[in-house]
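*Asks:* Below is one structure. I have some questions about it.
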Ligand SMILES: [Zn+2]
C-alpha cells in the first residue's frame, strides 16, 4: 500500500491557489504566498522562490506555528512569520493569501485604507485597514499585520507592499458547493477584487 502524502489536501489547495493567483494577474512569477492550516495545527505554505506550477507535492513545505519545518524539502516562504503569527493570533481562520496585486498595492503605497465603497468590502469588515510599514519577512511586519486585522477583520493592506487576506477553514469552505474549488481566504475572495 502506498503511503498517502502528508497534508495532501492542504498542499494541493495552496499550490492550486498560487497558480490561480498568477493566472488572474494578482501576482507575478513567484510573488505572493499562500498557506493553509492543517488538522493538526501546522501550516502548509508556498515555498520561497519556486514557481507555483513547478512544485512536486511532497516538496511543498509545512511548518509549525513556531516556524519549525515539519514537511517538504523546499524552503518555506520568506513571509512565513507573517502567516504563522496571524494563525497564532486568529484561531478562527484556516487560510491566508498574500499578493502584490496592482490595485491593492496602489492603496498600500498611498497608505490609504479601502473604505466601504462596495458591499464586497463587507467580506473583509468595515474597511480594509493599512498595517504600518515594516520590511518584508520581518517579525515586525507580522505583528503589524495581526494588529491591523484585529479580532474580526479579514483583510489588510501592508504599507508600501501589498495585501493580506484571511479566511476560515478549508473544511468549512468545502461544505459550500459554490466555493468548493476556491482558496484559503475565499470568504474575502472578492473584497476587494484583488484579494483572493
Ligand atoms: Zn509580499
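*Asks:* Between the range 40-83 and the range 98-124, what's the alpha-carbon centroid distance in Å?
*Replies:* Answer, in whole Å: 26.
*Asks:* Another question about this same structure. Quick one: order 53, 168, 144 by neighbouring beta-carbon count within 10 Å, fewest to most.
*Replies:* Fewest-to-most ranking of 53, 168, 144: 53, 168, 144.
*Asks:* Another question, then. Calculate, for residue 65 and residue 24, the FRET efficiency according to 1/(1 + (r/R0)^6) with r their C-beta to C-beta distance and R0 25 Å; round to the nearest 0.05.
*Replies:* 0.30
*Asks:* Principal axis extents for the range 8-188, Cα atoms only, whole Å, descending order, please.
*Replies:* 41, 37, 30
Computed from the coordinates by the stated procedures, all read-outs in this text should not be read as laboratory data. These numbers were taken from a predicted model, which means no experiment stands behind them. Quick reminder, even Gly has a Cβ in these numbers, built from the backbone with ideal geometry, and neighbours come from all protein chains shown.
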